[in-house]
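Okay, structure first, notes after.
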Amino acid sequence: MAISNVSLTAGARANLLSLQQTANLLNVTQNRLSTGKKVASALDGATAYFASVGFLNRANDLSNVKDGLSNALQTVKSASGAIDSITKIIQQAQGLTTSALQTTDSDTRSGLAVQFNDLLVQVNALVNDATFNGTNLIGQTSVSLVVYFNENNTSKLTITNTNLSIDTAAGLSVGAAAAGFISDSNINTAVSQLTTALTKLRTTSSSFGNNTTVITTRQDFTANLINTLQTASDNLTLADTNEEGANLQALQARNSLGITSLGISGQLQQAILKLF
């Protein structure tokens, strides 16, 4: 039947329109409660939606930066840990030279020289094992670790390797025990080399420590910025579930009243018709 053939009173039409509007509002509120979002698409609010997407896109880009910072931090920590271990070995070697100077027995000195050389072998083993994710910051090969701090790579830190190989001139430059530590001059040469090596180890350790602090600081900053961006996005799109829950109850009551009002309008029409 065509709508024009249906005769409704003005009151009935007003009640019907109110019910339709209430039903639409109920659908919107129920959708917000089910999704948790008041802006789920550009149709719900283009400005808020696209601003929210922009915040999330940058947060995702920074998340990749944060992963890179984490890898870089572990690379530096790997080198720093190796330096700490090498320092302990060099200190052990110093102890051997001290013991060698305190005796004149050639056999004892020869035995200490063997131990000394064994320790030097362990230093190079530690240097070689300090590789993390394909990068060795204390090896003989010249490498640079570039750490990026933002999503467009305009802010960065470049860390160059320091050669800590034990027996190279570019490294720690500590040679094997000369002549089995037979003479004091042989031992004193080793003492001097070890002292220089310790100085280089401490300087390198301090440098890597500073780099670790910088990377950690930027890592914390990036994590906080990601959280800020995500919160900003949520503030633009997330629905207040308490508010929407209250709206749902109010709309349900309004809907019930509308149905009752529409029924009353119909009853009045029927009462008038009974007069004929």
Inter-residue pairs, beta-carbon under 6 Å, first outside the structural domain of Thr75 (by TED's automatic domain parsing) and among the basic types (Lys, Arg) and in the stretch 114-141, second at pLDDT below 95 and part of a loop (DSSP other than H, G, I, E, B), 6+ apart = none
Which of the residues that make up the stretch 91-116 are over 16 Å from Ser192 (Cα atoms) and part of a helix (DSSP H, G or I)?
-> Ser106, Asp107, Thr108, Arg109, Ser110, Gly111, Leu112, Val114, Gln115
Hey, Gly175 at pLDDT below 95, surrounded by fewer than 17 Cβ atoms within 10 Å (Cβ to Cβ) and not assigned by TED's automatic domain parsing to the domain that holds Asn64 or not = no
With the condition kept exactly as written, say whether any residue in the stretch 161-170 is in contact with a Lys or Arg (Cβ under 8 Å, 6 or more places away or on another chain) and among the acidic types (Asp, Glu).
-> no
Can you name the condition, by its number, that Leu198 falls short on among (1) part of a loop (DSSP other than H, G, I, E, B); (2) surrounded by fewer than 19 Cβ atoms within 10 Å (Cβ to Cβ); (3) of a type in the set (A, V, I, L, M, F, W, C)?
-> (1)
What number goes with the only condition from (1) at pLDDT below 95; (2) in contact with a Phe, Trp or Tyr (Cβ under 9 Å, 6 or more places away or on another chain); (3) under 28 Å from Thr87 (Cβ atoms) that Ser233 does not pass?
-> (3)
Across the stretch 213-225, what is the total count of residues that are within 14 Å of the chain's Cα centre (by Cα) and more than 13 Å from Phe149 (Cβ to Cβ)?
-> 1
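The values are calculated or read from the model by the stated rules, or taken from the named source; none is laboratory data. What you see is a predicted model, and the numbers here were worked out from it, not measured in a lab. Every residue, glycine as well, gets a Cβ built from its backbone with ideal geometry; the counts of neighbours run over all protein chains shown.
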